[in-house]
Amino acid sequence: MEQIELTGNFEVSRMAMGFWRLKEWNLSPSALLDFVETLLDWGITTFDHADIYGDYSCELLFGEVLKQKPELRQQMQLVSKCGILLPSEKFPGRKINFYDTGYDHIMESVERSLKNLHTNHLDLLLIHRPDPLMNPAETARAFEALHRAGKVLHFGVSNFTPADTEMLQAHLSLPLVTNQVEISPLQLEHFENGNMAWFRKTGMHPMAWSPLGGGKLFNPEDERGLTLYNTLFEIASQKNTRNLTAIVLAWLLKHPAGIIPVLGSGKLNRIKEALQAFDLSLSQEEWFEILVAAQGHRMP
């Protein structure tokens, strides 16, 4: 699989693997090791985590892979996120979900991620969501300190608007290299809020979480979803395939912003289906057919 270069000469795989459901996969340590080694063999080298995933357990589970075979670390790029605090038995004093992008929380979160993942550095750290109480100078101070210490090599954001991103970047000497946002034919928010234009303006390649709409694309729940499903099926049929996953991912890959889909399945056969997107080419008209079905109205 080809790599794509983010700002700062940082290369990641053209598709990333997300581990937010890792706890639900119920894989033994040896089975997870086999899963990760297969992904690496297939060219998926960028692994997406967050401190909160699986009630703060997914990074610990993944860390067992690197505990078993630490030599795999140099073959992968580890991504994590921080800034969301959840009620949990691990943190019994918390009553609600809330955000903290202050210096102390970022530093503590990264130290915990490094310990859980059995690594001495993260390749990429993202602020998980915009924080209405963010002091961008303080967040930037944490980023700079982590970078100086060699504990995080690159930084980015997640679910940010262009204004959110620019606010934080204004206080940083380091470049923000990506914004991980939800993009799929079922989630067009970032085509409408200026983010997709901003990505092309700045050259920032976004990462796309839930690129298949959490499976809803293939199990339509309303008339618009059914129209979109039928459009995907028709285009797939014209290309002599039943692989709707590959059609959707090819739609994302065609966009000039250089979208990096974050896959989420723990089944290798589903990952293999996703990789077939690289063998498909959508015409300009086919791309717009999917967009029109997704937005529910014709282009003006």
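The values are calculated or read from the model by the stated rules, or taken from the named source; none is laboratory data. Just so you know, these numbers come straight off a predicted model, no measurement behind them. Cβ coordinates were reconstructed from backbone atoms using ideal geometry, including for glycine residues, and neighbour counts include every protein chain displayed. Surface accessibility is based on the protein's heavy atoms, side chains included, excluding ligands, DNA and RNA. Shrake-Rupley method; radii C 1.70, N 1.55, O 1.52, S 1.80 Å.
Here is how the numbers come out for the structure above:
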item: Selection within the stretch 77-113 - among the polar types (S, T, N, Q), in contact (Cβ under 8 Å) with a residue 40 or more places away in the chain and either over 18 Å from HIS147 (Cβ atoms) or part of a strand (DSSP E or B) (or both); result: GLN77, SER80
item: Residue selected from the stretch 197-254 under the condition polar (S, T, N, Q) and open to solvent by less than 30 Å² (accessible area, probe 1.4 Å), by the criterion farthest from the chain's Cα centre (by Cα); result: THR231
item: Top-ranked residue of the stretch 1-29 - restricted to ones that are in contact (Cβ under 8 Å) with a residue 24 or more places away in the chain and over 28 Å from LYS254 (Cβ atoms), ranked as surrounded by the fewest Cβ atoms within 10 Å (Cβ to Cβ); result: GLU24
item: Residue tally, condition among the aromatic types (Phe, Trp, Tyr) and over 30 Å from PRO175 (Cα atoms), over the stretch 1-34; result: 1
item: The stretch 269-300, residues that are open to solvent by 50 Å² or more (accessible area, probe 1.4 Å), within 30 Å of LEU40 (Cβ to Cβ) and touching a helix residue (DSSP H, G or I) at 6+ places or on another chain (Cβ under 6 Å); result: GLU273, GLN276
item: Residue among PHE62, PHE47 that is in contact (Cβ under 8 Å) with a residue 40 or more places away in the chain, crowded, with 19+ Cβ neighbours inside 10 Å, farther than 27 Å from LEU133 by Cα and within 17 Å of the chain's Cα centre (by Cα); result: PHE62
item: Some residue of the stretch 84-107 being open to solvent by less than 20 Å² (accessible area, probe 1.4 Å), within 19 Å of the chain's Cα centre (by Cα) and closer than 23 Å to THR45 by Cα; result: no
item: Subset of the stretch 268-299 (residues that are more than 17 Å from GLY213 (Cα to Cα) and charged (D, E, K, R)); result: LYS272, ASP279, GLU285, GLU286, GLU289, ARG298
item: Any chance GLU221 is in a helix (DSSP H, G or I) and either among the charged types (D, E, K, R) or touching a strand residue (DSSP E or B) at 6+ places or on another chain (Cβ under 7 Å) (or both); result: no
item: Within the stretch 66-76, tally of residues that are open to solvent by 20 Å² or more (accessible area, probe 1.4 Å) and outside any helix (DSSP H, G or I); result: 1
item: Unmet requirement for GLU138, which otherwise passes all of (1) under 25 Å from VAL65 (Cβ atoms); (2) open to solvent by 40 Å² or more (accessible area, probe 1.4 Å); result: (1)
item: Listing of helices (runs of 4 or more DSSP H) fully contained in the stretch 242-299 that carry 2 or more residues being within 20 Å of PRO220 (Cα to Cα) and in contact with an Asp or Glu (Cβ under 8 Å, 6 or more places away or on another chain); result: 244-254
item: Any hit, the stretch 151-170, residues being over 20 Å from LEU125 (Cα atoms), touching a Leu at 6+ places or on another chain (Cβ under 9 Å), open to solvent by 10 Å² or more (accessible area, probe 1.4 Å) and outside any strand (DSSP E or B); result: no
item: Residue that is surrounded by the fewest Cβ atoms within 10 Å (Cβ to Cβ), among those in the stretch 171-196 that are free of Cβ contacts under 8 Å to residues at least 24 places away in the same chain and in contact with a strand residue (DSSP E or B) (Cβ under 9 Å, 6 or more places away or on another chain); result: GLU189
